[in-house]
1. How would the range 51-90 be classified by its alpha-carbon gyration tensor: rounded, prolate or oblate, with rounded meaning a/c under 1.5 and the a/b versus b/c comparison settling the rest?
2. Using θ = phi - 60° and the Karplus form 6.51 cos²θ - 1.76 cosθ + 1.60, what ³J(HN,Hα) does each residue of the range 42-47 get, whole Hz, x for Gly and Pro?
3. How big is the chain along each principal axis, measuring the range of its Cα positions in Å and listing the largest first?
4. Could you go through the range 74-88 in sequence order and give the Karplus-derived ³J(HN,Hα) for each residue, using 6.51 cos²θ - 1.76 cosθ + 1.60 with θ = phi - 60°, rounded to whole Hz, and x for Gly and Pro?
5. Quick one: go through the range 70-90 and flag any residue whose amide nitrogen is under 12 Å from the point 7 Å out along the Cα-to-Cβ line of Ser58.
6. Would you mind checking the tilt of helix 56-65 against the longest principal axis of the Cα atoms of the chain, expressed as 0 to 90 degrees and rounded to 10?
7. For the chain, what does the relative contact order come out to in percent, with C-alpha contacts under 8 Å and a separation of six or more?
8. Peptides 68-76, 15-23: what's the order by average Cβ count within 10 Å, highest mean first?
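Derivation of every value follows stated rules applied to the coordinates shown; laboratory data play no part. From a predicted model like this one, the values you see are computed outputs, not experimental measurements. Here Cβ is always computed from backbone atoms with ideal geometry, including for glycine, and neighbour counts include all displayed protein chains.
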Amino acid sequence: MSRPYENAYGLSTFILREKFPASGGVIPPHSLADFDFEAYELDTFHKLLNIYGINADSLRQQICDGELKEIVNPSSSGSLLYLTSNSTYL
């Protein structure tokens, strides 16, 4: 886990950075190039999963099982959205 930083509200937040090599490790081996992933506010994310009754293991499996579909966000933020291959999770 990386060091906490202070956000605009003065609250301590953690950033989690993980590396995902094609050879596997945290996730099974895959055909993608090695990639890194950054996650912010994991405590809040897990609370939201619980509120909406989403099983974290199921979400992880859905993300890993197939190719994610990229959806262009129509807002001006320029952010990207991804849909799981079976359209269960956005």
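1. Judged from the Cα gyration tensor, the range 51-90 comes out oblate (a/c at least 1.5, b/c at or above a/b).
2. Karplus-based 3J(HN,Hα) across the range 42-47 equals 4, 4, 5, 4, 5, 5 Hz.
3. Its Cα atoms span 40, 32, 29 Å along the three principal axes.
4. Values, residue by residue: x, 6, 7, 5, x, 6, 9, 10, 10, 10, 5, 4, 9, 6, 7 Hz.
5. 88-89
6. Compared with the principal axis, the helix lies near 40 degrees.
7. RCO, the chain: 16 percent.
8. Highest-to-lowest ranking by the protection proxy: 15-23, 68-76.
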